[in-house]
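The values are calculated or read from the model by the stated rules, or taken from the named source; none is laboratory data. Values in this document were obtained by computation on a predicted structure and should not be read as measured data. Note: ideal-geometry Cβ built from the backbone for every residue, glycine included; neighbour counts use all protein chains shown. Calculation scope for accessible area: heavy atoms of the full protein, side chains included, ligands and nucleic acids excluded. Shrake-Rupley method; radii C 1.70, N 1.55, O 1.52, S 1.80 Å.
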Amino acid sequence: MSPTISSVEPQPGLKLLLIYASGEKKIFDVTPYANGSWYGALQNPDYFSHVRLLPDGSGIEWPDGQDIAPHELYELSVSL
């Protein structure tokens, strides 16, 4: 099970700042995911900025339902 996310903040260059309940801060690069008809919408900076935290802190999503698995967010991000 992945750690609980406390907040998510969009960053320039299709990156997300993830802050976990433990206080850990990580940067996740969304670039490899932002392609195709479904995830390609993430390339639009305005749409990308509408990322939101799921109510229980288990993950993130965008308004049309695009999401990234919580374990990928944690394991493939870089610690700050």
Self-check item: Environment charge at G59 (Cβ cut-off 11 Å; Lys +1, Arg +1, Asp -1, Glu -1)
Solution: -3
Quiz prompt | Calculated from backbone phi, Karplus (6.51, -1.76, 1.60) coupling profile of segment 29-41 in Hz, x at Gly/Pro | solution = 8, 7, 3, x, 8, 7, 8, x, 6, 8, 7, x, 4
Quiz item: In percent, what relative contact order does the chain have, based on Cα pairs under 8 Å that are 6 or more apart in sequence?
Solution: 31
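Under a 1.4 angstrom probe, counting protein chains only, how are S37, S58, S77 ranked by accessible area, largest first?
S37, S58, S77
Can you tell me the accessible area per residue over the chain, all protein chains present, probe 1.4 angstrom, in square angstrom?
57
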Quiz item: Over all distinct Cα pairs, what is the inverse of the mean 1/r for the chain, reported as the Kirkwood hydrodynamic radius in Å?
Solution: 12.5
